[in-house]
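To start, I am sharing the structure in question, which I have written as structure tokens.
The values are calculated or read from the model by the stated rules, or taken from the named source; none is laboratory data. Treat the numbers as computed from the prediction; the structure is a model and nothing was measured. Cβ placement follows ideal geometry from the backbone for every residue including glycine, while neighbour counts extend to all protein chains displayed. Heads up: the accessible areas ignore ligands, DNA and RNA and are worked out on the full protein's heavy atoms, side chains in. Shrake-Rupley method; radii C 1.70, N 1.55, O 1.52, S 1.80 Å.
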Amino acid sequence: MCNDSNVHPQSNPSPSEIPTEIVSEAEMALIETALAAAATLSYSSSHIRRLPSGRMLSGCSSTQTARDIEDLSLPARKRVKSSESLLKRFRKKRGLMVTDITAAEWCEKQMEFTLLYGRPKRTHAMKAGCTRHAELEEEIVKRVEVSIQSAEDSWAVKLMNFIAGANQLLFDGLTREIPVVGVVQGVWTIGVIDEIRMSVSESVKHPLLVDTKTRSRPTLPSVDQKRNARFQLMCYKYLWDNLVTNDFPSTHFFDFFGLDPQCTLSCDVRNRLAESGLNSKTFGELVKYFSDTCHLLPLANEQLLLRYEYQADQSLLGEDQFPYDPNWVKSQMEWCLKFWMGEREANYVSNGEEWKCRFCSFSSKCLMGNQTKKLEDGGQQKCPPSTI
């Protein structure tokens with residue numbers, strides 16, 4: 001594989017009093033949940049968020065809950081032979097999630113099995129992680145429901161989400177759960193940024209992208225987990241910077257997702273827009289406003305921040321601040337997308353990372369997983385210690 005540990009930025013020193021573990025079963029379950037993320041649309045209803053401050057560039061005060069973009073479950077699928085790429089088979093007209101890309105970096109075979117057989121059962125640790133992110137979001141927003149009738153309505157609420165979050169960031173210096181969408185190496189990709197901070201006092205403002213990871217044990221993550229988390233946050237910066245520096249490819253956007261720019265938005269969505277000072281009647285008008293909003297925003301900070309919390313008491317285990325590495329993240333994305341686009345077969349974990357198989361729900365179906373189990377049962381292989 002092309003994800004040699006020597007190419008990623010070096011980790012910052014961690015507090016000596018916090019031990020480091022490779023991974024726990026609950027933590028692996030959290031990772032596997034991310035692998036199963038999909039962009040399935042639901043046209044019955046959706047949540048928006050009303051910002052307490054209400055201070056928007058345009059008076060916008062509502063956004064959709066962004067978490068659903070990346071965290072929808074994937075139904076189990078029968079394994080069938082197909083010459084089509086995984087991208088066309090499982091993400092046609094939907095694009096990839098950032099978690100789809102980072103999941104391939106973690107283990108491509110696990111990602112492949114997740115697509116073919118469905119995601120593992122949700123655990124207590126998974127639910128606790130989702131609950132914590134909801135709590136962080138609710139600290140600065142209030143959820144409101146909005147009825148959606150079409151794919152255009154669903155995307156309209158997502159774009160309202162971004163617009164309101166951008167305005168909250170500019171006025172309050174903090175926003176959370178912000179969706180981003182753009183083209184990564186020719187592939188439409190969607191993500192949700194946990195948190196964005198920006199000093200309102202500095203003359204040169206570059207928002208800091210932050211991702212919070214919850215841990216089921218009071219331990220810091222392994223090197224491989226930290227690398228994967230860094231990759232995810234770098235992907236978010238890549239998407240953010242593309243949105244604020246380049247013209248949004250609206251025609252390509254409409255064509256790929258099968259959206260009609262002339263579609264009249266539902267009454268409920270239009271009412272929400274009117275409440276926020278936006279008189280967009282059609283989906284195309286809202287996309288134009290979204291594009292204009294992107295150009296008001298600055299590039300993200302070159303420093304990125306990962307936070308690790310203990311689920312039991314929400315205490316901070318440690319922070320990992322690191323620099324953005326454009327060359328590394330582009331090479332990693334390109335390598336992962338070759339797997340998704342069918343340009344190469346799925347790889348097993350690389351040498352030295354076979355320990356991941358011990359915590360994978362699909363190890364019994366996997367050649368590498370079976371070999372690892374046989375070696376460990378024979379006492380010939382142990383999991384390597386992890387150091388940061």
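Measuring from the lowest to the highest alpha carbon on each principal axis, how far does the range 125-252 reach, largest first, in angstroms?
In descending order, the Cα extents are 46, 36, 32 Å.
Taking 30 Å as R0, compute the FRET efficiency from the Cβ-Cβ separation of Gln321 and Glu139 and round it to 0.05. Can you show the working numbers first?
Numbers: r = 22 Å, r/R0 = 0.73.
For R0 = 30 Å, the calculated efficiency reads 0.85.
Roughly how many percent of the accessible protein surface of the range 205-255 is carbon and sulfur, given a 1.4 Å probe and a whole-percent answer?
On the way: 700 of 1500 Å².
Roughly 46 percent of what the probe reaches on the range 205-255 is carbon or sulfur.
Separation between the Tyr117 and Thr245 pseudo-spin-labels, each 7 Å from Cα along Cα→Cβ, expressed in nm?
4.2 nm
What figure in square angstrom, to the nearest 10, would you give for the accessible area of Ser203 with a 1.4 Å probe?
Only protein atoms counted, so the area is about 120 Å².
Right, here's the next one. Would you mind getting the accessible area per residue of the range 163-306, heavy atoms of the protein chains only, 1.4 Å probe, in Å²? Could you put the intermediate results ahead of the total?
On the way: 4990 Å² over 144 residues.
Per residue, the range 163-306 has an accessible area of 35 Å².
Return the sequence-ordered ³J(HN,Hα) values of the range 198-214 in whole Hz as given by the Karplus equation 6.51 cos²θ - 1.76 cosθ + 1.60 applied to θ = phi - 60°, using x for Gly and Pro.
Per-residue couplings from phi come out as 8, 5, 8, 9, 6, 6, 9, 10, 10, x, 8, 8, 10, 10, 9, 10, 9 Hz.
For a protection proxy built on the mean count of beta-carbon atoms within 10 angstrom, sort 287-294, 323-330 highest first, please.
Working: 287-294: 18.9, 323-330: 14.9.
Listed from highest to lowest mean packing, they are 287-294, 323-330.
Compute the distance in nm between two label points, each set 7 Å from the Cα along the Cα-to-Cβ direction, one at Asp260 and one at Ala312.
5.6 nm
Moving on. Give me the distance between the Cα centres of the range 235-296 and the range 207-225, rounded to whole Å.
Here the two parts' Cα centres lie 32 Å apart.
Calculate the FRET efficiency for Val204 and Ser350 from the Cβ-Cβ distance with a Förster distance of 45 Å, rounded to the nearest 0.05. Spell out each step's value before the answer.
Numbers: r = 40 Å, r/R0 = 0.90.
The pair Val204/Ser350 has a calculated efficiency of 0.65.
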